[in-house]
Amino acid sequence: MIAFISKRIVISLVLILAVMTFSFVLMHMAPGDPTAMYIRPEIAPKVVESIRHQFGLDQSLWQQYVRWIKECSQFEFGTSFTHLRPVRAILTEALRNTLQLTLIAFLFQMVIGILLGIYAAIKEHSWQDQAIQSGLLILYSIPGFWLALLAITLFSLKLGWLPSGQMQAINTSGGWHLWLNRIQHMILPVIILSMPFIAYTARFMRESVLRILKQDYIRTAFSYGLPKRRILGRYVLKNALMPQVTLIGLYLPFLFGGAVVIEHIFAWPGVGRITVNAIFSHDFPLILASNFIATVTVVVGNLISDMLYAVVDPRIRHQSHA
Amino acid sequence: MSTLSLTINYTTTFRDNWQLQTGVIILFVLIVLTIGANIFATYDPDAQGDLLQDRYLSPSTSHIFGTDKFGRDVFSRVLYGGRLSLMLAISVVVLSLIFGLLYGGVAAYAGGWIDTAMMRLLDFWLAFPAIFLIMTVVALFRPSPASLVIILSAIGWMETARFVRADVLTLKNQEFIIAAQCLGYHPLRILLHHLLPNCWAPVLATAPLKVAEMILLESSLSFLGIGIQPPLASWGTIINDGRVALFDAWWISLFPGVFIMLTVIGFNFLGEGLRRKSKLNSR
């Protein structure tokens, strides 16, 4: 088991390094110079030259690469070309904002999705089950960005019930007013963000519950005459939730990467929005750093998922011993 | 999982599979409308109307979806945009399925270090954050429909490849393959004529779901301004056009979104129906 895990960790590290190298090369192959915005008649070529020097763009590609890898291993990502602040500070701030949004959306979709999934499974083949299933299919067929626009038009512009974007109003002072204000700002993005995930979770949950309901030990429990509520609560639910737990790792990229489009529409100052802007302005250090975060979350998320699988399911744990 | 996919069991027919029916009907209407855009569209999608009289007209009998800020007919744009969006998504899925099929097949049939190397490369692609890859490549290089097809196919083949590899691994030790090997057939012939034809059915069943996914992805990219570029119309770009005038001219963004939704629902129903039809519990 330990050998297995350590092998997986080594492979993951190599993977991360490979992806980082590739994205570095890709970035520097691309046309367009990040200092292009300084090339103006009123700025002397010498000044541009010194700016290039400051950003380290005059070094050879190899030198830049080595320096960048060194920085990354210490979680320092250099200075952003556009914000002129350390990338680490920018991203820490953005991550905090993104996590507020994604964590709440994640919990929300989990609760709703699991409840819907269980209900549909218990009522298998009934009209309720059919209705829920079709509803879920429609739910994840709706383009989120479009729904967001419609929701803003209706709830913010026409009715004026909810704010149309940003995290909080400008003049809100601390205390519970601030929290109330933030919650208001979160309602629309959280609901729209969690909709497709509700569909995934509910479908997955339904399949798990159905699979378990067909097991021998459930039939035995029924034939013992145990109350239905107890069978569902104690034997079915517990086992059906286990696969759900192992999926948590796969949500890691979403939690840390944020939702690019939704953040963009609601002007939520998170990682997704910062990255989009960075890409448009050729801000290499910032793009590479958020790419780094995204890669790490994908790789680590898969690792966590595999490990949780073994932790949660003793059958797999013992298999890998043999 | 892989043995399951071998035993395709046509238990339900088209008649009692309402999901399949709904999907087919929705898609039939949409495809006829978009392919026949030249017939059904009442205006040239790019023709600008009179800037004083034809801008932001609300839906009426002459412009059933209204007009946009240049006085262009939204209905015609939606049809032509739909043609582009659909063609793009379908070509992406066809390309990535073919590539995934070949990649997975070659890896599994070759085995040994080739298999290991190919699977490591696949892991690498999987670890590469797709959305960042698309955005970086598309924003830094000139985006065109062709380059979009290539980049979207490049991120969509891995799942298929894994699926096919697992299938071929179980198939390649069966008697009919061993017989073919004994007859001295070329490995390529065995792969293309004996192995892959036996695993493409379940792969094909995933195609509609993939098309649905691609339509959503392409439209959100075009909406962000890094997919299809104006003046070309795609559903995503039309929604983006209407964004600035949401309050007064809601129709510009509303209708293309409805079309996206219907198309995606159609493909999802089709995929779901096919899955049920072939009793395939692909995960």
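For peptide A:145-151, compute the average count of partner chain beta-carbon atoms within 10 Å of each residue's beta-carbon.
6
Peptide packing for A:120-132, B:208-220 was compared via the average number of neighbouring C-beta atoms within 10 Å per residue; ordered from the highest value, the list is B:208-220, A:120-132. When the solvent-accessible area of the protein assembly as shown is split by element, carbon and sulfur atoms take up 67 percent of it, the probe being 1.4 Å. Ranking A:V209, A:L147, A:I90 by how far each Cα lies toward the positive end of the dipole of segment A:2-321 (charges on Cβ) leaves A:V209 at the top. For chain B, the relative contact order is 30 percent, taking Cα pairs closer than 8 Å that sit 6 or more residues apart in sequence and dividing their mean separation by the residue count.
Cross-link partners of A:K70 among aspartates and glutamates, defined as those whose alpha carbon lies under 14 angstrom from its own and excluding same-chain residues fewer than eight positions apart, are absent. Can you classify segment B:153-195 as rounded, prolate or oblate using the Cα gyration tensor, where a ≥ b ≥ c are the square roots of its eigenvalues, rounded means a/c under 1.5, and otherwise it's prolate if a/b beats b/c and oblate if not? Taking the square roots of the gyration eigenvalues as a ≥ b ≥ c, segment B:153-195 is oblate.
Chain B against chain A buries an accessible area of about 4100 Å², both chains summed, 1.4 Å probe radius. Here the Kirkwood formula puts the hydrodynamic radius of the protein assembly as shown at 26.8 Å, using every distinct Cα pair.
Taking every full run of DSSP H in chain A, the ones that stretch at least 27 Å from end to end by Cα along their long axis and average 1.0 or higher on the Kyte-Doolittle scale are A:2-29, A:87-122, A:284-312.
What accessible area per residue comes out for segment A:213-287, rounded to a whole number of Å², with a 1.4 Å probe?
47 Å²
For the residue pairs A:K228/B:K210; B:K172/B:K210; B:K172/B:K277; A:K158/B:K69, the alpha carbons lie more than 31 Å apart in A:K228/B:K210. Would you please classify the overall shape of segment A:2-321 from the alpha carbon gyration tensor, given that a ≥ b ≥ c denote the square roots of the eigenvalues, rounded means a/c under 1.5, and beyond that prolate means a/b larger than b/c while oblate covers the rest? Because a/c hits 1.5 or more and a/b fails to exceed b/c, segment A:2-321 counts as oblate.
Based on protein heavy atoms only, segment B:198-237 ends up with 30 Å² per residue of surface accessible to a 1.4 Å probe.
Compared with its chain on its own, segment A:254-274 contains the following residues whose accessible area drops by 20 Å² or more in the full protein assembly (probe 1.4 Å; ligands, DNA and RNA excluded): A:V260, A:V261, A:H264, A:I265.
Listed by number, the DSSP H helices of chain B that run 24 Å or longer by alpha-carbon position along their axis and have mean Kyte hydropathy of at least -0.5 are B:18-35, B:74-110, B:207-224, B:250-277.
Projecting the Cα atoms of A:W62, A:W268, A:V300 onto the charge dipole of the protein assembly as shown (Cβ charges, centred on the Cα centre) puts A:V300 farthest toward the positive pole. Solvent-accessible surface of segment A:84-151, taken per residue with a 1.4 Å probe and all protein chains present: 44 Å².
Under a GNM of chain B (C-alpha, springs under 10 Å), which listed residue has the highest mean-square fluctuation: B:L121, B:L27, B:L152? Evaluated over chain B, the most mobile residue of the options is B:L121. Dividing the C-alpha radius of gyration of segment B:105-165 by 2.2 N^0.38 Å, with N its residue count, gives 1.31.
Peptide B:120-128 has a mean shielding of 5, counted as Cβ atoms of other protein chains within 10 Å of each residue's Cβ.
Taking the Cα centre of the protein assembly as shown as origin and assigning +1 to Lys and Arg Cβ atoms and -1 to Asp and Glu Cβ atoms, the resulting dipole is close to 1860 debye. State the Cα centre-to-centre distance between segment B:76-145 and segment A:205-244 in whole Å. Taking the Cα centre of segment A:205-244 as reference, the centre of segment B:76-145 is 40 Å away.
The values are calculated or read from the model by the stated rules, or taken from the named source; none is laboratory data. Predicted, not measured: the structure shown is a model, and the values here were computed from it. Please note: Cβ atoms are built from the backbone with ideal geometry, for glycine as well, and neighbour counts cover all protein chains shown. The area values use the complete protein model at the heavy-atom level, side chains included, leaving out ligands, DNA and RNA. Shrake-Rupley method; radii C 1.70, N 1.55, O 1.52, S 1.80 Å.
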